[in-house]
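Asker: Okay, here's the structure, questions in a sec.
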Amino acid sequence: MAICREFYFPSSDGSSRIHAAEWTPESGEIIGVLQIAHGVAEYGMRYAPFAEFMTEHGFAVVANDHLGHGLSAEKDTDTLYFGPRDGWKHVVDDMYALRCRTKEKYPNVPYFLMGHSMGSFLTRTYLICYPGTVDAAIIMGTGHQSPAIVAGGRAIAKAAGKRHGFQAHSPRVEVLAFGAYNKAFAPNRTEVDWLSASDNNVDAYIADPLCGQKASIGLFYEMLGGIRFISTPKNIASMNLNTPILFISGDKDPVGEMGKGVKRAYEAFRRAGVRDVELKLYKGLRHEILNEDCRAVVYNDLWSWIEKHL
């Protein structure tokens, strides 16, 4: 059994508190650290099963709830919102703050970073902004949109934000962001069938009060700005090119355009000169590969890659 400790630390936005959790082996012997960055409309503690798996291999695992998410969100808010200014930057800076706190506690072991979905875009931003501060990174459930699509989406979000306020929810912006994801799996049982081929996982997500909130216009605007930033070749090239990278996704994940967007991201890293970059796609799996029925296979594949880079 893993030992789990929850705590808070100050956000870089200067006013919020960030909720985080740390899982450690009962033995207390730590051979490495894994930090996890979660996606939109979820939270860090959702990764407890994988964290417990990693503690069985001697890892400490940490995950925080991003601004506006989970227990880092303000009470009684019904939309996901990073804040009025520089939200994407604050979220990435919070990830770095957690890394510094954790690295100080475990200074002499390898440090891995893993980001899923929105967390994958945040992780790619982190690798650009804080090069060389982690020993390896796993990028899960990611995509790589064209600059024109990103610019168009951001312009729509900006106009909607000026009209309704960036803290508001816009059904039109929501449809533009996520509306097409379920189409590939019609007829649909739920609005989030695209998340997983496992009905049990989809139902658990829907039933979880800390999952599934509506994203604010501001969150979409900030995230699209982050995606634009990480898609710029000169920014990708400014990463530490010696940091090993694993891209891993389901080949039926609409966020990654059924594998096509993941491959474009992988090729962008190769063109930038990343010396150790791998790509793995799972046939038939959707967005949440850590929660699919065959998750034991995914867990073991991730451990094999991590072990190879210890």
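Asker: Say each of residue 184 and residue 303 gets a label point 7 Å from the Cα, pointing the same way as Cα to Cβ; how far apart are those two points in nm?
Answerer: According to this spin-label approximation, the distance is 2.9 nm.
Asker: Per residue, what volume in Å³ does the convex hull of the Cα atoms of the stretch 3-96 enclose?
Answerer: Given the Cα convex hull of the stretch 3-96, per-residue volume reads 92 Å³.
Asker: Taking the Cα centre of each part, how many Å lie between the stretch 5-54 and the stretch 253-310?
Answerer: Each part reduced to its Cα centre gives a spacing of 21 Å.
Asker: I've got another one for you. Is there a quick way to get the dipole size of the stretch 271-310? I mean about its Cα centre, with the Cβ of Lys and Arg at +1 and of Asp and Glu at -1; what is the value in debye to the nearest 20?
Answerer: Computed charge dipole of the stretch 271-310: roughly 200 debye.
Asker: Evaluate the charge dipole of the stretch 168-303 about its Cα centre and quote only its size in Debye, nearest 20, assuming +1 on the Cβ of each Lys and Arg and -1 on the Cβ of each Asp and Glu.
Answerer: Computed about the Cα centre, the dipole is about 700 debye.
Asker: Rounded to two decimal places and with Rh computed the Kirkwood way over Cα pairs, what is Rg over Rh for the stretch 181-287?
Answerer: Answer for the stretch 181-287: 1.03.
Asker: Would you mind pulling out the separation of the Cα centroids of the stretch 159-173 and the stretch 72-88, in Å?
Answerer: Result: 14 Å between the Cα centres.
Asker: At what distance in nm do the modelled label points of residue 104 and residue 214 sit from each other, each positioned 7 Å from its Cα along Cα→Cβ?
Answerer: The answer from the label model is 4.1 nm.
Asker: Once you charge only the Cβ atoms, +1 for Lys and Arg and -1 for Asp and Glu, what is the size of the charge dipole of the chain about its Cα centre, to the nearest 20 debye?
Answerer: It comes to approximately 1440 debye.
Asker: Can I ask one more? Given a cut-off of 21 Å, name the pairs among 89/158; 89/183; 158/260; 75/214; 183/260; 263/283 whose C-alpha atoms lie farther apart than that in the structure shown.
Answerer: Beyond 21 Å: 89/183; 158/260.
Asker: Just to be sure I understand the curve: with the Debye formula and one point per C-alpha of the stretch 100-257, what is log10 I(q)/I(0) at q = 0.15, 0.20 Å⁻¹?
Answerer: The Cα Debye sum returns log10 ratios of -0.96, -1.33.
Asker: Can you tell me the alpha carbon radius of gyration of the chain divided by the globular rule-of-thumb value 2.2 N^0.38 Å?
Answerer: 0.93
Any read-out appearing in this document is the output of simple, stated calculations on the displayed coordinates, not a laboratory observation. Here the structure is a predicted model, which is why all the values come from computation and not from measurement. When we count neighbours, we look across all protein chains shown, and the Cβ atoms used for this are built from the backbone with ideal geometry, even at glycine.
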